[in-house]
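The values are calculated or read from the model by the stated rules, or taken from the named source; none is laboratory data. Because the structure is a prediction, the values reported are computed rather than measured. Cβ placement follows ideal geometry from the backbone for every residue including glycine, while neighbour counts extend to all protein chains displayed. Ligands, DNA and RNA are stripped out before the accessible areas are found, and what is left, the full protein with its side chains, is counted by its heavy atoms. Shrake-Rupley method; radii C 1.70, N 1.55, O 1.52, S 1.80 Å.
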Amino acid sequence: MKNKDTSPIFDIQRLRADLIQKRVIELNINLREAAKQSMVSPATLSRIENSKLPDVETFARLTIWLGKSPSSYFKNPVKKQDGFIPRDILSKH
């Protein structure tokens, strides 16, 4: 039987690092202001900065605020005609 890769496909540490980089280093704003600008609650932003996974809507808002492609937060993406999908998902189909 083939060993399945059980590593996470979502890179929460990269999202966390990008959020802190933009909030603290680039904009020099506090968590409440960053939450207001990104249209998520301060509590949610705090949880993500503490490595908790966001829901889909929050993830979308944050990638827009960061100016990043959502696919940049998935590990091992493979190119698909209309975007990127994680390699792990492809192997299950």
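For every residue, the table says whether it meets (1) at pLDDT below 95; (2) under 18 Å from ASN76 (Cβ atoms); (3) of a type in the set (A, V, I, L, M, F, W, C); (4) open to solvent by 40 Å² or more (accessible area, probe 1.4 Å).
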residue	(1), (2), (3), (4)
ILE9	yes, yes, yes, yes
ASP18	no, no, no, no
VAL24	yes, no, yes, yes
ALA43	no, no, yes, yes
>> Here's a check for you: in region 65-76, which residue that is assigned to a helix (DSSP H, G or I) and modelled with pLDDT under 95 is farthest from GLN21 (Cα to Cα)?
In response: SER71
>> For the list (1) open to solvent by 30 Å² or more (accessible area, probe 1.4 Å); (2) modelled with pLDDT of 95 or more, I need the number of the one condition that LEU62 fails.
In response: (1)
>> I'd like to check something: does region 78-88 contain any residue that is open to solvent by less than 50 Å² (accessible area, probe 1.4 Å), assigned to a helix (DSSP H, G or I) and modelled with pLDDT of 95 or more?
In response: no
> Mind checking which residues of region 45-59 are more than 15 Å from GLN13 (Cβ to Cβ) and open to solvent by less than 30 Å² (accessible area, probe 1.4 Å)?
Replying inline: LEU45, THR58
